[in-house]
1. Using every pair of alpha-carbon atoms in the chain, split the distances into 20 Å bins beginning at 0 and state the percent of pairs per bin, rounded to integers.
2. Roughly how much of Leu31 is accessible, in Å² to the nearest 10, using a 1.4 Å probe?
3. Where is the GNM fluctuation largest for the chain (alpha-carbon springs, 10 angstrom cutoff): Asp105, Asp269, Asp71?
4. Which angle between 0 and 90 degrees, to the nearest 10, do you get for helix 261-295 versus the longest principal axis of the chain when only C-alpha atoms count?
5. Counting only C-alpha contacts under 8 Å and six or more residues apart, can you give the relative contact order of segment 221-297 as a whole percent?
6. Asp263 accessible area, nearest 10 Å², 1.4 Å probe?
7. GNM on the chain, C-alpha springs below 10 Å: top fluctuator among Arg267, Arg277, Arg33?
8. With a cut-off of 8 Å between alpha carbons and a minimum separation of six or more residues, what is the relative contact order of the chain in percent?
Amino acid sequence: QQVVAAYWDLVFAQREHEIRLGSLELARERLRRTQAALAAGSVALAETVEIEQVVVTREEAALAAELTVLDRSLALRGVVGLAIAAGQLGLTVVQPLDLPARQYDLAASLAAARSSSPELAELAVSDAQAAIDVEVAESGLLPALDATLSLGPRGRGETLGEASRNLVTVDDVVVVGRLSLEHDLGQRAARAGRDTAQLRRARTRLGAIDVERQLALAVASTSTALEAGRQRAALAEQTIALARRNIGIEQTRYALGKSTNFDVLTRQDELREAELRLARIVVDWHKAEAALRALTGDLLRDFAIDVRAATTAPALKPPAAGR
């Protein structure tokens, strides 16, 4: 899950860099047109100064985005175990920023999370052991009644030789019976052992309830994030479409002398922010999906990783299209 999250962080960093460069190019194009208008004497010098300031600001933002790409590349190298050396720093990933049509059922996800939870599996084993301990401790409270019976010849005689002969000929047989009752009158130790075993089992069951509650919260939270992310992405796409229309309208108004360069640049900033917002929404959606699939035990299977059979670290491969 950490690898997938680091991968998508790099995807977002690259997308942000692309958006910043695109915004910078728009500002430079605006500056070229304004300088041409200045040479023709149709605009004042102040118009170019204003745009030059915006160009410098966007150049700084583009440089910061480029450094972020490098930082995210190093983070991905670190979590995967790739080499970090001269010429082995930056990474480039090719990943479309879109949302797949996959849907997740909350009830099915909860059931899968419970069945694949290693914590619940461990607690189930502990509960079974605790049940045995309780049974053994409760048996210690019961009284112990033992009966023994022995049968054998006995040699008797006035002399040792006569007694030995009677022992061999089995002229005399002796039967001995014994009945033994053992019971702890106070039973303090036995009761303490039983109570301890019962408390240990109750604690195990409470732990399982707590783990199940945490799983339910995590699954519900990620499922909600996936649904909300899909809705937010649709709204962000509408915002981008409107921002592009507004840029065209503002440029037309500027050509008619009813707007300023500042207004046009402001509309460009609105488009840039909308595109960044959509990129962040999509990346957050994929990271939330990875978290959900980690809870349900599907994430390793997505990448064909079997930790039980693996003897060496598996090589990183890009996620499937749209994942």
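The values are calculated or read from the model by the stated rules, or taken from the named source; none is laboratory data. The structure displayed is predicted, hence computed values, not measured ones. All Cβ positions, glycine included, derive from the backbone under ideal geometry; neighbour counts span all protein chains shown. Ligands, DNA and RNA are stripped out before the accessible areas are found, and what is left, the full protein with its side chains, is counted by its heavy atoms. Shrake-Rupley method; radii C 1.70, N 1.55, O 1.52, S 1.80 Å.
1. 20, 31, 21, 12, 9, 5, 2, 0
2. For Leu31, solvent-accessible area is about 30 Å².
3. Evaluated over the chain, the most mobile residue of the options is Asp105.
4. 20
5. 48
6. The accessible area of Asp263 comes to roughly 50 Å².
7. Arg33
8. RCO, the chain: 25 percent.
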